[in-house]
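To keep things clear, I will list the structure first and then write my remarks on it.
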Amino acid sequence: MHTLRLITMALAAACLSACQVAPLNQLISDVFSSDASPSAKADAPSADKAAAERAPVSKASSELLVPSLPLVERRESLSATGYAVISVQNHRTPAQQRLLAIRAAKLDAYRSLAEQVYGLRLDATTTVADMVVQNDTFRSKVEGVIYGATLVSITPSGDDTYETTLSLDKSTVQDLRMLYLTQLASKAR
């Protein structure tokens, strides 16, 4: 009977774990505190002490699963890296191709920063016929204004690629988001 109760409680805990973290932690602590032997129940101060020892673990695990701040706000700055291939640049001279590749890598890094600040709009379409995927299409779009980015590095990566890294301060990110929200509010009027 006792084993059946434990199995039922474990299954209930597994079902509830997908819904919320806090009730699962409470349920687990209730299961373990109710499974104490009769002599342990008689010794209430030691049972309370054991529950108090388990409480920080439950609190710490729920804090890890539910962060208090968004990821962007916990970092001091955002950084993004862009890449571009030299040989595909549309120019005859190698020097001009390198310059165009640097510019393309920088624009790719700006696009990556915009994705981090504003998010990415993703449209996806999948066509299935006879339980076989016939067509799978993804389109992504990012829009936004980026200013105040700092150029960290421009480095050749391999024989035919440039890598550009940009950094954006956290306060600038907040300014950009406020500008975006103000713009959305004015469009809604």
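A few comments on the model shown:
- Yes/no for residue 169 being under 24 Å from the mean Cα position of the chain (by Cα) and among the acidic types (Asp, Glu): yes
- Number of positions in region 106-160 that are touching a residue at least 60 places away in the same chain (Cβ under 8 Å) and either surrounded by fewer than 11 Cβ atoms within 10 Å (Cβ to Cβ) or of a type in the set (D, E, K, R) (or both): 2
- Just one of the listed residues (118, 147) is assigned by TED's automatic domain parsing to the domain that holds residue 81, of a type in the set (Ser, Thr, Tyr), under 20 Å from the mean Cα position of the chain (by Cα) and at negative phi, namely 118.
- When the residues of region 74-103 are filtered to those that are among the basic types (Lys, Arg) and surrounded by fewer than 12 Cβ atoms within 10 Å (Cβ to Cβ), the one that is modelled with the highest pLDDT is 92.
- Inter-residue pairs, beta-carbon under 7 Å, first surrounded by 10 or more Cβ atoms within 10 Å (Cβ to Cβ) and in region 177-189, second among the aromatic types (Phe, Trp, Tyr), 6+ apart: 180/118
The values are calculated or read from the model by the stated rules, or taken from the named source; none is laboratory data. Remember, predicted model here, so these are calculated numbers, not experimental data. Methodologically, a virtual Cβ is constructed for each residue, glycine included, from the backbone with ideal geometry; neighbour enumeration extends over all protein chains shown.
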